[in-house]
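A.B. asks: The structure under discussion is supplied below as structure tokens; questions concerning it will follow.
Any read-out appearing in this document is the output of simple, stated calculations on the displayed coordinates, not a laboratory observation. Quick caveat, the model's predicted, so the values are computed rather than measured. Cβ: placed from backbone, ideal geometry, glycine included. Neighbour counts: every protein chain shown.
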Amino acid sequence: MTERTVTTKRVPPTQLAQQLRDALTRLNRRVRQTRPVGDLTGTQLSALISLRLAGALTPRELADVERVQPPTMTKIVAKLEERGLVGRTPHPTDGRQVILAPTDGGRAVLDQFERARDEWLATRLAGLTEEERDTLRRAAEILQQLARA
């Protein structure tokens, strides 16, 4: 392994914001591309993740979260249901509505995707020095603070 030299220099907050945004976007794109072989599309995966994070949503709520039109979400949900990844239950207060939630199978698929992504990233992190990993650990804590702000 080669030793890396890290230079520190003061940069204005706007320049740092651009650098961070660019780095996070590139890393996020690369992590999203890392997934087990399968026919689940990125859009279907995103909808399934949103359902897991929310617990359960109506189709309209899911369309809003995913920022797609309801007819588009209807097609996405149909594919997920076809694969047994999403289930419908009656809405507790509105008989005209249904609630969507991931099935056990849907949660298992998400776990598989997360493991693949974590393994990819862990492999890359293993190639860094202990000091670089410590810097990233601290950066992750700071990024979590920014996300909560």
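A.B. asks: Relative to the compact globular guide of 2.2 N^0.38 Å, what is the alpha carbon radius of gyration of segment 43-148, as a ratio?
C.D. replies: Values: Rg = 17.9 Å, N = 106, 2.2 N^0.38 = 12.9 Å.
Relative to the 2.2 N^0.38 Å estimate, segment 43-148 comes out at 1.38.
A.B. asks: Connecting C-alpha atoms closer than 10 Å in a GNM of the chain, tell me which of LEU51, LEU20, LEU121 has the biggest fluctuation.
C.D. replies: Its mean-square fluctuation being the largest, the pick is LEU20.
A.B. asks: What is the set of long-range amide H partners of VAL98 at a cut-off below 5 Å, with H atoms built 1.01 Å from backbone N?
C.D. replies: Answer set, sorted by chain and number: HIS91.
A.B. asks: What distance in nm lies between label points placed 7 Å from Cα along the C-beta direction at ASP22 and ALA126?
C.D. replies: 3.1 nm
A.B. asks: Which cross-chain or sequence-distant (5 or more) residues have an amide H under 5 Å from the amide H of GLY87, H modelled 1.01 Å from N in plane?
C.D. replies: Residues meeting the criterion, in which the H sits 1.01 Å from N, are ALA101, THR103.
A.B. asks: For ASP39 and ASP94, compute 0.36 nm times the residue count separating them, minus their Cα-Cα distance, and round to one decimal in nm.
C.D. replies: Net length gain for the segment: 16.4 nm.
A.B. asks: Rounded to the nearest 0.05, what FRET efficiency is calculated for ALA108 and THR58 with R0 set to 35 Å and r the Cβ-Cβ distance? Don't skip to the answer; put the middle values down first.
C.D. replies: Numbers: r = 24 Å, r/R0 = 0.68.
For ALA108 and THR58, the calculated efficiency is 0.90.
A.B. asks: Only Cα pairs within less than 10 Å get springs; with that Gaussian network setup on the chain, which residue of ARG133, ARG88, ARG35 has the largest fluctuation?
C.D. replies: Taking springs between Cα atoms under 10 Å, the residue moving most is ARG133.
A.B. asks: Turning to a different aspect of this structure: For the chain, with the dipole built from +1 on Lys and Arg beta-carbon atoms and -1 on Asp and Glu ones, taken about the Cα centre, which of GLN19, GLY127, LEU40 lies farthest toward the positive end?
C.D. replies: GLN19
A.B. asks: Ok, one more. Within 10 Å of each residue's Cβ, count the other Cβ atoms and sort GLU114, GLU66 from fewest upward.
C.D. replies: By the 10 Å Cβ count, ascending: GLU114, GLU66.
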